[in-house]
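Trainee: Supplied in structure tokens, the structure appears directly below.
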Amino acid sequence: METTAKKKLGRGIIVAILVIVLLIPATLYLGTKLSGRQYYITSLLIILYTMLPFFLAFEKRRPQARDLVVLAVMCAIAVASRLVFIWAPHFKPMAAIIIIAGVAFGAEAGFLVGAMSAFVSQFFWGQGPWTPWQMFAFGMAGFLAGLFGRLGPVARKRIPLCIFGGLEVLLVVGTILNSSTLFTVVSHITMESAAAIYLAGLPVDAIQALATVLMLLAASGPMFEKLDRVKTKYGVMEG
């Protein structure tokens with residue numbers, strides 16, 4: 001029974017769970033103890049962590065250039081979706097594109113697209129100690145979307161997908177980003193300071209959740225159709 005369960009999950013997902021539960025939190029914690037521009041080291045480590053589950057996801061063959069190209073395009077679309085709304089404070093639907101990538105290509109690919117999109121987009125907003133936390137937050141968005149995608153047709157229906165995306169951004173992505181503020185800005189963490197930061201971040205999280213829901217409502221159907229066509233024609237992301 002245990003062997004069968006592991007086979008169903010796949011090596012990539014098992015490794016990704018270990019990375020998410022152990023490696024990344026430990027790295028983020030150690031990153032808060034560093035000074036100066038050492039956050040680049042933390043970001044680089046998280047990039048390496050996200051690549052490992054992706055490559056292990058291919059049980060039968062090595063990833064091909066076409067696989068990486070498609071994921072690079074998804075990263076570019078995600079970054080563009082954040083940039084195009086630069087005029088609207090906090091209204092950034094990047095998580096929606098990451099969620100679509102996770103549902104379409106699996107948890108490991110969603111993890112990679114989320115982390116890389118956050119890292120690249122920060123070159124436009126400015127890198128800082130918050131960058132690794134954003135990589136973790138949006139990587140989680142893609143990873144959980146990939147797990148949600150295992151529900152099959154249900155995950156691709158607009159209403160369930162929108163509900164999932166909104167709640168994920170509000171409860172998971174928002175919580176991690178608010179934790180970033182707590183651990184990188186507050187010198188002495190107390191219950192009062194933590195409550196103040198999480199409550200102050202709630203409106204921002206709600207706006208991002210709304211942006212995610214609207215983007216999923218508008219774009220998920222056409223994007224799934226195009227991505228399925230690419231997968232069928234070129235055999236993209238087939239293990």
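Every number here is computed from the coordinates shown, using simple stated rules; none is lab data. The model shown is predicted, which means the values in this text are computed figures rather than measured ones. A quick note on method: Cβ atoms are made from the backbone with ideal geometry, for glycine too, and the neighbour counts reach across all protein chains shown.
Trainee: Provide the gained length on full extension for the span L23 to T175, in nm with one decimal, where the gain is 0.36 nm per separating residue minus the Cα-Cα distance.
Mentor: Details: separation 152, 0.36 × 152 = 54.72 nm, distance 1.85 nm.
Taking 0.36 nm per residue and subtracting the Cα distance, the gain is 52.9 nm.
Trainee: Which net charge results for the neighbourhood of G221, defined as the other residues with beta-carbon distances under 15 angstrom from its beta-carbon, given Lys and Arg at +1 and Asp and Glu at -1? Working shown, then result.
Mentor: Details: positive: R156, K157, R158, K226, R229; negative: E225, D228.
Here the charged neighbours net out to +3.
Trainee: So for segment 2-234, averaging the separation of alpha carbon pairs under 8 Å that are six or more residues apart and normalising by length, what relative contact order in percent results?
Mentor: Values: 325 pairs, mean separation 46.8, N = 233.
About 20 percent, as a whole number.
Trainee: Also, quick follow-up: How are the alpha carbon pair distances in segment 2-234 distributed across 5 Å bins from zero to the largest one, expressed in percent?
Mentor: That works out to 1, 7, 14, 19, 20, 17, 12, 6, 3, 1, 0, 0, in percent per bin.
Trainee: Now a separate question. Note down the net charge around F138, summing +1 for each Lys or Arg and -1 for each Asp or Glu among other residues with Cβ under 15 Å from its Cβ. All intermediate terms of the calculation are to be shown ahead of the outcome.
Mentor: On the way: positive: R82, K92; negative: E108, E168, D205.
Local charge sum for F138: -1.
Trainee: While we're looking at this one, here's another question. Going by how many other Cβ atoms sit within 10 Å of their own, how do T32, T212, T190 line up, fewest first?
Mentor: Working: T32 15, T212 29, T190 9.
Ranking T32, T212, T190 by Cβ neighbours within 10 Å, fewest first, gives T190, T32, T212.
Trainee: Additional query: For the chain, what does the helix formula give at 222 nm: sum of -39500 (n - 2.57) over DSSP H segments with n ≥ 4, over the residue count, nearest 500 deg cm²/dmol? Walk me through the intermediate numbers first.
Mentor: On the way: 12 runs with 182 residues, N = 239.
Computed mean residue ellipticity for the chain: -25000 deg cm²/dmol.
Trainee: For segment 57-106, what is the convex hull volume of the alpha-carbon atoms per residue, in Å³?
Mentor: Numbers: hull volume 3.1 nm³, N = 50.
It comes to 62 Å³ per residue, whole-number rounded.
Trainee: Using Cα springs under 10 Å in a Gaussian network model of the chain, which residue among S187, S81, S117 shows the largest mean-square fluctuation?
Mentor: S187
Trainee: What's the tally of Lys pairs in the chain whose alpha-carbon atoms lie under 29 angstrom apart, where the two lysines are 8 or more places apart or on different chains?
Mentor: Lysine pairs meeting both conditions in the chain amount to 21.
Trainee: Turning to a different aspect of this structure: Alpha carbons only, please: Rg and Dmax for segment 126-216, in angstrom.
Mentor: Both quantities, over Cα of segment 126-216: 14.6, 47 Å.
Trainee: Answer with one residue from Y29, A57, A145: the one whose Cα lies farthest towards the positive end of the charge dipole of the chain, charges on Cβ with Lys, Arg +1 and Asp, Glu -1.
Mentor: A57
Trainee: When the expected Rg is taken as 2.2 N^0.38 Å, what fraction or multiple of it is the alpha-carbon Rg of segment 53-150?
Mentor: Details: Rg = 13.2 Å, N = 98, 2.2 N^0.38 = 12.6 Å.
Rounded to two decimals, the normalised Rg is 1.05.
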